[in-house]
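**Q** Below are the structure tokens for one structure; questions will follow.
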Amino acid sequence: MATRGPRRGDRTSLLPDALLDTAQLRALVVADLRAAVLPEVKGKSADTFAPLGPVLATPDEVGDPQTLDLWLTVNGEGRQKSNTKNMAFGVFHLVSYVSQFMTLLPGDVISTGTPPGVGLGFDPPIYLKAGDVVELGVDGLGRQRQQVAASV
């Protein structure tokens, strides 16, 4: 989450203090919508599909954002376990890249990808269903727990 720009295209102001908070965001995906024209938007943008938290932590509380362990389970079964050091692009690179196309304002969130273990990657795919319990955590940021509910 950004505390101040960088302004669009301004690569000189990319200092670590530009990042106020680190949080965990769980992007849930509707398989039907993922096949649509803009899957990365439609499939992850429904109401309740991006729980953020449970805490926001300042850089001095988190330390190096590229050394955080993270995990996810579904019904207690480990599905994802990784570390932010394995990100394809580091946090500061992502801020630099995104700021070439838009001005980052306080409160903006850049949601990145996810480690291996998503349901679509299984053979056959494993999709979340009503009643499933998803838990995830990131070092120093606590844990989230959501129970999947059927759409009404």
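Every number here is computed from the coordinates shown, using simple stated rules; none is lab data. Nothing here was measured: the structure is a model prediction, and the numbers come from that model. Methodologically, a virtual Cβ is constructed for each residue, glycine included, from the backbone with ideal geometry; neighbour enumeration extends over all protein chains shown.
**Q** Size of the dipole of the stretch 41-152 about the Cα centre, Lys and Arg at +1 and Asp and Glu at -1 on the beta carbon, nothing else charged, in debye to 20?
**A** The dipole magnitude comes to about 320 debye.
**Q** Next up: Counting Lys and Arg as +1 and Asp and Glu as -1, each charge on the Cβ, what is the dipole of the stretch 90-152 about the Cα centre in debye, to the nearest 20?
**A** 100
**Q** Can I ask one more? Extension gain Asp60-Phe122, at 0.36 nm per residue separation less the Cα-Cα distance, in nm?
**A** Stretched fully, the Asp60-Phe122 segment lengthens by 18.5 nm.
**Q** Right, something else. Which translational diffusion coefficient, to the nearest whole µm²/s, is obtained for the stretch 67-132 from the Stokes-Einstein equation, given a Kirkwood hydrodynamic radius over C-alpha pairs, 4 °C and 1.567 mPa s?
**A** Diffusion coefficient, whole number: 90 µm²/s.
**Q** Counting other Cβ atoms within 10 Å, which chymotrypsin sites (Phe, Trp or Tyr not before Pro) in the stretch 67-145 have at most 15 and lie in a DSSP loop?
**A** For chymotrypsin sites (Phe, Trp or Tyr not before Pro) across the stretch 67-145 that sit outside H, G, I, E and B with at most 15 neighbouring Cβ atoms in 10 Å, the list reads Phe89, Phe101, Phe122, Tyr127.
**Q** Tell me the volume per residue, in Å³, of the convex hull enclosing the alpha carbons of the stretch 112-152.
**A** Hull volume normalised by residue count: 108 Å³.
**Q** Long-range amide H contacts for Asn83: which residues qualify at under 5 Å (H placed 1.01 Å from N, peptide plane, sequence gap of 5 or more or a different chain)?
**A** Here Leu70 satisfy the definition.
**Q** Residue-wise, which Karplus ³J(HN,Hα) couplings in Hz belong to the stretch 83-90, taking 6.51 cos²θ - 1.76 cosθ + 1.60, θ = phi - 60°, and x for glycine or proline?
**A** Residue by residue, the stretch 83-90 yields 8, 4, 5, 8, 4, 4, 10, x Hz.
**Q** Follow-up. Would you mind estimating how fast the stretch 50-95 diffuses translationally, via Stokes-Einstein at 10 °C and 1.306 mPa s with the Kirkwood radius over Cα pairs, in µm²/s?
**A** For the chosen part, D equals 128 µm²/s.
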